[in-house]
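K.L.:
Shown below is the structure under consideration.
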Amino acid sequence: MLVYKLYKFFNLPKLKKELGVLEECRGFGDGIWDILGYYDPVKYEIVICDSLVEKHANALAKNKGFDEKTTKLVLRELVRLHEHGHSLLHTGKVGPLLRFKNGYKSIPPTINESVTEFIVWSTVKKFGTKLFEAVFDEVDKTTPPYYR
């Protein structure tokens with residue numbers, strides 16, 4: 001839902017390939033968004049760690065009194081949106097932000113995460129619902145300051 005709005009807003013031709021992982025996942029990073037999913041800039045692929053999303057969504061729903069199934073769907077869409085935001089930065093026209101590291105285009109984490117957060121939050125505020133905002137706010141509390 002929100003990912004399609006993002007692509008339409010930036011007039012991007014087609015979605016990047018997505019892969020949902022049900023078992024062990026290679027999520028990495030300092031913040032929860034990059035543990036629940038990641039963007040592989042070499043394969044141009046979005047990976048969603050579905051088992052971790054479900055586990056985190058269930059805990060969040062129980063803690064905040066949200067519906068578990070709805071929270072899982074919302075959190076998964078927010079993770080997708082975050083990773084597609086990374087994709088936009090890596091493949092979009094943001095040349096001044098890019099640098100080369102080990103032969104690949106790279107964006108410093110402090111810029112990469114904060115700009116991705118801006119893309120996600122802007123999309124959520126424009127096209128999301130109050131539940132999307134609430135889930136985003138709760139999950140985002142655990143991210144390092146440079147994400148915000």
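Please treat every number below as a calculation from the coordinates, not as lab data. All figures in this text were calculated on a predicted structure; none of them were measured in a lab. Every residue, glycine as well, gets a Cβ built from its backbone with ideal geometry; the counts of neighbours run over all protein chains shown.
K.L.:
Amide H neighbours of Gly20 under 5 Å, at least 5 residues apart or on other chains, H built in the peptide plane: list them.
P.N.:
Ile48
K.L.:
Please list 3J(HN,Hα) in residue order for the stretch 41-51, calculated via the Karplus relation 6.51 cos²θ - 1.76 cosθ + 1.60 where θ = phi - 60°; whole Hz, with x for glycine and proline.
P.N.:
Ordered by residue, 3J(HN,Hα) equals x, 7, 8, 6, 10, 9, 10, 10, 8, 4, 5 Hz.
K.L.:
Per residue, what volume in Å³ does the Cα convex hull of the stretch 1-74 take up?
P.N.:
114
K.L.:
Let's test the formula: R0 of 30 Å, r as the Cβ-Cβ distance of Lys55 and Asp137. What FRET efficiency results, to the nearest 0.05?
P.N.:
After rounding, the FRET efficiency stands at 0.95.
K.L.:
Could you order peptides 2-13, 78-89, 118-129 by the average number of other Cβ atoms within 10 Å of their residues, highest first?
P.N.:
Those peptides, ordered most packed to least, come out 78-89, 118-129, 2-13.
K.L.:
Would you grab the residues whose amide H sits under 5 Å from the one on Glu45? Only those 5+ places off in sequence or on another chain, please, with H modelled 1.01 Å from N.
P.N.:
Asp40
K.L.:
Loop-only check: which trypsin sites (Lys or Arg not before Pro) in the stretch 11-54 are DSSP coil with at most 11 other Cβ within 10 angstrom?
P.N.:
Within the stretch 11-54, the qualifying trypsin sites (Lys or Arg not before Pro) (loop, at most 11 other Cβ atoms within 10 Å) are Lys14, Arg26, Lys43.
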